[in-house]
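Below is one structure, written out as structure tokens, with a few remarks after it.
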Amino acid sequence: MITPDYIERSNRKTLSLSILKDGKIVVKAPLKMKDSVVYDFVLSKQNWIEEKLEFIHENRKQFDDVVRYERFLLYGNRYTPIYSDVKKIETDDKFQLIIPRKTDKAKVLKTIKSWYKKCAKEVLGKRLKFIENRIRIQSTGLRIGDSKGRWGSCNSRGAICFNFRVVMLPPDVIDYVIVHELCHIVEMNHSKKFWALVEKFLPSYQKLKNKIKDYGFLLSLLNEI
């Protein structure tokens, strides 16, 4: 029998079930609900849970080298890390991530994370401006964040925050994330109007919306740094 990894109890009235990026099963339940009711609920969702866990397992296997930090994603491409006499991290056309030889091996992941953030600020800033001009929706500011659960966000003032890991995604998915957040400036929700606006600028948004799910595991990378 499949059992939940976490049961979060609160003053809510209903049960809900979710599966985290790492495969952990989380159930949210009312404070006084009996455990037997919670477990019966999980059992009723067993087929759905098994399908989701199988997807996560297969996806992890496909990107095993990335999860193990043996290679690093940039714009959807995998780069193999090598050490050389360079002053700062670089990439080349052989899909190599060239790291300064003097980098402390114990801090190499921290160095790579910092590089990702700088890359995200530069690349996403330029791409955001390009798309803003194309779709005629303007943000009021840009920040690069390190969220554990989302690719981006937009506040009520029209300021956008992108997860630095967005630069790991393929270019078409990066554009989807940017358009998605810009559309929130007009529609601060996920209503039919919101998705209609996204579709106006990205007719293939549904395909990209599904595609980004394949990269959900990236949100848990470099979290420990």
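The values are calculated or read from the model by the stated rules, or taken from the named source; none is laboratory data. Quick caveat: nothing in here was measured; it's all calculated off a predicted structure. Glycine gets a Cβ as well: all are built from the backbone with ideal geometry, and neighbour counts include every protein chain shown. Ligands, DNA and RNA are stripped out before the accessible areas are found, and what is left, the full protein with its side chains, is counted by its heavy atoms. Shrake-Rupley method; radii C 1.70, N 1.55, O 1.52, S 1.80 Å.
For Tyr79, the amide hydrogen comes within under 5 Å of the amide hydrogens of Phe72, Leu73, Leu74, counting only partners 5 or more places away or on other chains and with H modelled in the peptide plane.
Taking θ as phi - 60° and the Karplus parameters 6.51, -1.76 and 1.60, the scalar couplings of the stretch 181-197 work out to 6, 5, 5, 5, 5, 8, 10, 7, 6, 10, 6, 4, 5, 4, 5, 5, 5 Hz in sequence order, x denoting glycine and proline. Per residue, the accessible area of the stretch 30-119 comes to 68 Å² when a 1.4 Å probe rolls over the protein heavy atoms.
A cut-off of 5 Å between modelled amide H atoms, ignoring neighbours fewer than 5 places along the same chain, links Leu169 with Tyr75, Gly76. Taking each of Lys107/Lys213; Lys105/Lys209; Lys52/Lys211 in turn, the alpha-carbon distance tops 26 angstrom for Lys107/Lys213; Lys105/Lys209.
When the solvent-accessible area of the stretch 111-185 is split by element, carbon and sulfur atoms take up 50 percent of it, the probe being 1.4 Å. Taking 0.36 nm per residue of sequence separation and removing the Cα-Cα distance, the Leu20/Ala196 pair yields an extension gain of 60.5 nm.
The angle between the Cα long axis of helix 46-62 and the longest principal axis of the Cα atoms of the chain comes to about 20 degrees, rounded to the nearest 10. Distance between the C-alpha centres of the stretch 1-53 and the stretch 189-224: 25 Å, rounded to the whole angstrom. Computed 3J(HN,Hα) for the stretch 91-105, one whole-Hz value per residue from the Karplus formula 6.51 cos²θ - 1.76 cosθ + 1.60 where θ = phi - 60°, is 10, 10, 6, 9, 6, 10, 9, 8, 10, x, 4, 6, 4, 4, 4, glycine and proline marked x. Nonpolar atom fraction for the stretch 9-103, defined as the carbon and sulfur part of the 1.4 Å probe accessible area, stands at 49 percent. Relative contact order, whole percent, for the stretch 55-124 stands at 18, derived from Cα pairs under 8 Å and 6 or more residues apart.
The aspartates and glutamates whose alpha-carbon is closer than 15 Å to the alpha-carbon of Lys117, local same-chain residues fewer than 8 away aside, are Glu90, Asp146. Between the residues Val37, Val66, Leu142, the greatest Cα displacement towards the positive end of the dipole of the chain, with unit charges on the Cβ of Lys, Arg, Asp and Glu, is found for Leu142. The mean sequence distance of close C-alpha pairs (under 8 Å, at least 6 residues apart), as a share of the length of the stretch 92-220, puts its relative contact order at 21 percent. Between helix 108-135 and the chain, what is the angle of the helix's C-alpha long axis to the longest principal axis, kept within 0 to 90° and rounded to the nearest 10? Approximately 90 degrees, to the nearest 10. For the chain, the mean residue ellipticity at 222 nm estimated from helices alone is -13000 deg cm²/dmol, where every DSSP H run of n ≥ 4 contributes -39500 (n - 2.57) and the total is divided by all residues, rounded to the nearest 500.
Provide, in order from the shortest bin, the percent of all Cα-Cα pairs of the chain in each 10 Å bin, continuing until the bin that contains the maximum pair distance. Whole-percent P(r) values from 0 Å outward: 7, 26, 29, 25, 11, 2, 0.
With an 8 Å Cα cut-off and a minimum separation of 6 or more residues, compute the relative contact order for the chain in percent.
Answer for the chain is 15 percent.
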